[in-house]
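Bear in mind that the values in this text are calculations on the coordinates, not laboratory data. What you see is a predicted model, and the numbers here were worked out from it, not measured in a lab.
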Amino acid sequence: MFTLSIAGLLAVTGAASPAAAAGVAHGDFLYTTAHGLQIGLRNVPTDRCNVLVRDGATNGTNATDKTAHIYATSDCHQQVAVAAPGNPGRGTAWNTPGFEPTAHSVWFECDRPSVC
């Protein structure tokens, strides 16, 4: 039989709390890779750098409820595009300059920084 002490239980739940409190960009963030593949991210975490694909992305649609900042590097540097939050049932189109496969990461704004 497995028993967990009060201190052990608090340690487990305390460790899970920050992850549970993190913000989420509800909806879909869609993008097209350099090879023409359509990929989607659903309910992406906010206030952190989210890597797209190694070969880069060219364009897509932000159908989340958060503003998306799209970057040329995989560590969210050199912003190449911004996509406003999508309206319910619709998304906001975005593309890189010249539709070149230069997008490698995305960062979603958090509307409650004390939580994210």
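In whole Hz and in residue order, list the ³J(HN,Hα) couplings for the stretch 52-57 that follow from phi through the Karplus curve 6.51 cos²θ - 1.76 cosθ + 1.60, θ = phi - 60°; x for Gly and Pro.
8, 10, 5, 7, x, 10
Can you run phi through the Karplus equation (6.51, -1.76, 1.60; θ = phi - 60°) for the stretch 44-49 and list ³J(HN,Hα) in whole Hz, with x for Gly and Pro?
3J(HN,Hα) across the stretch 44-49, in whole Hz: 7, x, 9, 6, 7, 7.
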